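Heads up: the structure comes next, in structure tokens.
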Amino acid sequence: MDKDRALEEMMGKLGDFGKYQCFQFILHILAAMTAGMHMLSLVTVAAVPEHRCWVDGLDTNESIAAWNSTEILAAIPSTFDGKIHNCFMFNEYNETEKCSKWVFDTKYRSSSRAIEWNFVCDNRWKGAVAQTVYMLGVFTGAVVLGGMADKYGRKTIFCWSGVLQLILGVVVAFIPEYWTFLVIRFLYAIFGSAGAYITGFVLTMEIVGASKRTACGVTFQAAFAAGIILVAGWGALIDNRQILQVVYGLHGLLLIPHIWIMDESPRWLWAQGRAKEAVEIVEKALKLNKSEVVLDKAQLVSKGKIQVNGDTDAPSASTIDLFKSPNLRNKTLNVCLCWFANSLVYYGLTLSSGKIEGNPYLITAIFGFVEFPSYAAVIYFLDIWGRRPLISSMMLIGGAACIIAAYLPSGSILATSIVIAGKLFIAGSFAIIYNYSAELFPTVVRNSALGLGSMCARLSGALTPLISLLDSFDPKIPAVLFGVIALVSGFLTLFLPETTNQPMPQSLAEGESFGKGDTCFTTCLGKKRSKRYSVEDKTPEAMVPLEDMSKKV
């Protein structure tokens, strides 16, 4: 339609990635960095150091008995691997009983919520629930703030999220009671790791050209990983958990200047009938890009008004349409499992970094650093090898690494190396699913599909800390479960169609036909890919409108 063509022509004059897009992109990815830091803050703020039972007579407020002293070894039973038990001790009748007080190893951390509130033994669930509540907050923020960003504007939600994550990130440090702490953590998650991150991602996708979306999208994931590294860095420098949380919260100050220097999305303004403001932003961007293009402002504003007043015949579709036809339904279920599996393994490995023997800050930092080569490889190989083989191989290798590491001696260099390798591959596949999902589904339900996939990812993120509690029965159970789910999903992605160099489908009918019969197995057997869609048949979307993309994260 003329209205869409006018918007695409105007945005196309900006180029794919000039100085203006670069400046705005830098502003946006700051939210990704703070989101990663806030999401993993409990790794340090609620760290659970090595611990043992408090033995009256041997341990006093003035001095603590040596962990391997003869008296302690006689007072506390040993586990199967020869270590002193964390949760039981001998009573005066030489019978084992549960501890009521603990001694914590202060080598790496002497102050944390876990130490204050005893997130150990029968109370381990409290630490897991705290992280689960945060993930549920991210889920809520993705759903609620996504819709609000569509209604009130990307910048409005971004800036309010920046202000509120600053306030809540500081306030949560001073909450003295567990249940109130959970409530504040829930709100903290909504604005700390959902609001600004989501809208920042959407803003970037709506101003950069199609050729730069993959690189920019993956860079967002890299900024999130940088936030994980910040968690480790500040945690190593600051021992007091209250001051540490305040420092994490104060990073929200980085987003406050955005109120004055960040622009609203021209696409969103155009869709809201505020064509004049949209054109003015594009004119400003053209000047910053040193472009000599002159916009016909009056004509563009006129066409923008036609868009709002005359858009009565737009096709309507919803999430339900993803399940009405067999091919779309199969792709939807497959992609939802892929989101679920990637999130489960990614956060399972990340949150378990503190459990690996060794310096927890170094290990957490390494877990963040290993994501960078993974993202670089994705950017380089994604368009060369294709989405399907790359995401499948990364998930299969990542899942296998989880299972192998579970059967190696805990804390060994080999086991730690394999876990880190698993994180590297899963981080890469998690980055790919964002782009792959957008390309698999037709325009009329694309954002609904992304929103559904994101919901599956947030659900598994919330389940991850609870699944980790299963190590009480057998330490291997969580890692093996993560690995098996990743292997199953990695294999099933081989049945998805390849989207590299394929134009995006527009209607539900095209979405149902897209990729039908195209699996890794048919391709490997020499069958030709369906010619229903080819680069010659249809011009690829240059800049697909992303009005509801805020539901994707």
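The values are calculated or read from the model by the stated rules, or taken from the named source; none is laboratory data. Being a predicted model, the structure only gives us computed values, none of them experimental. When we count neighbours, we look across all protein chains shown, and the Cβ atoms used for this are built from the backbone with ideal geometry, even at glycine. Calculation scope for accessible area: heavy atoms of the full protein, side chains included, ligands and nucleic acids excluded. Shrake-Rupley method; radii C 1.70, N 1.55, O 1.52, S 1.80 Å.
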**Message:** Let me understand the range 61-107 better: what is its radius of gyration from the alpha carbons, and its Dmax, in angstrom?
**Reply:** 10.9, 33
**Message:** Going by amide H atoms built from the backbone, whose H comes under 5 Å of the H on His51, apart from near neighbours?
**Reply:** Asp105
**Prompt:** What whole number of Å gives the distance from the Cα centroid of the range 457-496 to the Cα centroid of the range 166-182?
**Reply:** 30 Å
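In the chain, carbon and sulfur make up what percent of the accessible area (probe 1.4 Å)? Spell out each step's value before the answer.
Values: 14910 of 23490 Å².
Of the solvent-accessible surface of the chain, carbon and sulfur hold 63 percent.
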**Prompt:** In terms of the Cα gyration tensor, with a ≥ b ≥ c the square roots of its eigenvalues, is the range 196-289 rounded because a/c is under 1.5, prolate because a/b exceeds b/c, or oblate?
**Reply:** prolate
**Request:** Determine how many Å³ per residue the convex hull of the Cα atoms of the range 11-83 encloses.
**Result:** 183 Å³
**Fill in**
FRET efficiency (Phe491, Asn359; Cβ distance; R0 41 Å; to 0.05) is 0.65
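Let me check against my output: what whole-number percent is the relative contact order of the chain, with C-alpha pairs under 8 Å and at least 6 apart?
Values: 926 pairs, mean separation 110.4, N = 553.
Taking the mean separation of contacting Cα pairs over the length of the chain, I get 20 percent.
Stretched out fully, how many nm does the piece from Ser472 to Ile259 gain, at 0.36 nm a residue minus the Cα gap? If you can, show how the numbers build up before the last one.
Details: separation 213, 0.36 × 213 = 76.68 nm, distance 4.76 nm.
Roughly 71.9 nm would be gained on extension.
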**Asked** Using Cα atoms only, what is the angle between the long axis of helix 154-171 and the major principal axis of the chain, expressed in degrees (0 to 90) to the nearest 10?
**Response** 10 degrees
**Request:** Determine the principal axes of the Cα atoms in the range 429-503, then give the extent along each, sorted from largest to smallest and rounded to whole angstroms.
**Result:** 49, 22, 16
**Request:** Evaluate the Debye formula for the range 1-126 with equal point scatterers sitting on the alpha carbons, no solvent, and hand back log10 of I(q)/I(0) at q = 0.09, 0.17, 0.20 Å⁻¹, in q order, two decimals.
**Result:** -0.48, -0.94, -1.14
**Item:** From the C-alpha gyration tensor of the range 118-194, square roots of 5λ in Å
**Value:** 27, 14, 7
**Asked** Using alpha carbons only, how many degrees (0 to 90, rounded to 10) separate the axis of helix 326-351 from the longest principal axis of the chain?
**Response** 40 degrees
**Prompt:** Once all Cα-Cα distances of the range 327-481 are split into 5 Å bins that start at 0, what whole-number percent is in each one?
**Reply:** 2, 10, 18, 21, 20, 14, 9, 5, 2, 1, 0
**Complete:** So the pair-distance distribution of the range 361-407, from every Cα-Cα distance in 10 Å bins, comes to percents of 23, 43, 30, 5
**Prompt:** Counting only Cα, what are the radius of gyration and maximum Cα-Cα distance Dmax of the chain, in Å?
**Reply:** 25.6, 91
**Cα-based Rg and Dmax for the range 57-201, where Dmax is the largest Cα-Cα distance (Å)** = 21.7, 68
**Item:** Average accessible area per residue (Å²) across the range 92-199 - probe 1.4 Å, nucleic acids and ligands excluded
**Value:** 42 Å²
**Item:** 1.4 Å probe accessible area per residue over the range 447-521, in Å²
**Value:** 37 Å²
**Complete:** Computed over the chain: longest principal axis from alpha-carbon atoms vs helix 413-440 long axis, angle to nearest 10 degrees, is 20 degrees
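Sorted by average packing, counted as other Cβ atoms within 10 angstrom per residue and highest first, what order do 121-129, 336-344, 364-372, 56-64 take?
Working: 121-129: 16.7, 336-344: 24.8, 364-372: 21.3, 56-64: 10.9.
Highest to lowest by the protection proxy: 336-344, 364-372, 121-129, 56-64.
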**Request:** Calculate, in nm to one decimal, what Trp125 and Val171 gain on full extension: separation in residues at 0.36 nm each, minus their alpha carbon distance.
**Result:** 14.2 nm
**Request:** Once you've got the Cα coordinates, tell me which of Lys19/Lys284; Lys98/Lys476; Lys101/Lys126; Lys212/Lys331 are over 22 Å apart.
**Result:** Lys98/Lys476; Lys212/Lys331
